[in-house]
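The values are calculated or read from the model by the stated rules, or taken from the named source; none is laboratory data. Here the structure is a predicted model, which is why all the values come from computation and not from measurement. Glycine gets a Cβ as well: all are built from the backbone with ideal geometry, and neighbour counts include every protein chain shown.
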Amino acid sequence: MNSPKKILVVEDENVVALDIKKRLTTLGYVVPSIAASGKDAITKANGLLPDLVLMDIRLKGEIDGIEAAQQIKTQLGIPIIYLTAHSDEETLNRAKQTEPAGYIMKPFEEDDLRTIIEVVLYKNQK
């Protein structure tokens with residue numbers, strides 16, 4: 001049997017982050033950590049080497065989710081799914097340049113989250 005997939009959650013709103021973690025755990029995934037900033041996300045991704053990163057775009061700190069995603073993807077090759085409330089054209093265009101594995105709008109349905117995660121994990125099997 002395969003071991004549960006590790007997903008790093010990057011979300012700066014604690015209540016939202018804990019809700020996402022709870023949903024992922026219910027779906028059978030492991031959430032080894034939650035990062036609240038872009039810098040924290042890069043550090044934790046390097047240490048944990050998760051199978052996938054769920055990344056909010058707007059984060060506190062100097063590095064936003066798009067910049068953090070670019071570094072994580074370039075350095076580690078870990079797929080990124082953006083989970084965001086922002087879909088303005090400028091944000092979307094910046095996000096597209098990082099070639100994310102997916103883009104989910106908040107609020108989201110648990111089935112939609114599970115579906116995109118499963119497809120991304122399947123496409124990125126090591």
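So, in segment 40-51, of the ones that are more than 12 Å from Glu11 (Cα to Cα) and out of contact with any Lys or Arg (no Cβ under 6 Å at 6 or more places or on another chain), which residue ends up surrounded by the fewest Cβ atoms within 10 Å (Cβ to Cβ)? Among them, the one singled out is Gly47.
Tell me, please, whether a residue that is closer than 19 Å to Lys5 by Cα, assigned to a loop (DSSP other than H, G, I, E, B), out of contact with any Pro (no Cβ under 7 Å at 6 or more places or on another chain) and basic (Lys, Arg) can be found in segment 114-126. Yes, segment 114-126 contains at least one residue that is closer than 19 Å to Lys5 by Cα, assigned to a loop (DSSP other than H, G, I, E, B), out of contact with any Pro (no Cβ under 7 Å at 6 or more places or on another chain) and basic (Lys, Arg).
Looking across segment 92-109, the residues that are within 15 Å of the chain's Cα centre (by Cα) and assigned to a helix (DSSP H, G or I) come down to Ala95, Lys96. Candidates are the residues of segment 1-29 that are of a type in the set (Val, Ile, Thr) and exposed (fewer than 15 other Cβ atoms within 10 Å of the Cβ); the one that is nearest to Ile81 (Cα to Cα) is Thr25. If you go through segment 52-88 and keep only what is of a type in the set (S, T, N, Q), in a helix (DSSP H, G or I) and surrounded by 15 or more Cβ atoms within 10 Å (Cβ to Cβ), you end up with Gln70, Gln71. Step by step: first the residues of segment 89-126, then only those that are crowded, with 16+ Cβ neighbours inside 10 Å and among the β-branched types (Val, Ile, Thr), then the one that is modelled with the lowest pLDDT. Which residue is that? Looking at the filtered set, the residue picked out is Thr91. Here is the figure for segment 64-83: residues that are in contact with a strand residue (DSSP E or B) (Cβ under 7 Å, 6 or more places away or on another chain) and among the β-branched types (Val, Ile, Thr) total 4.
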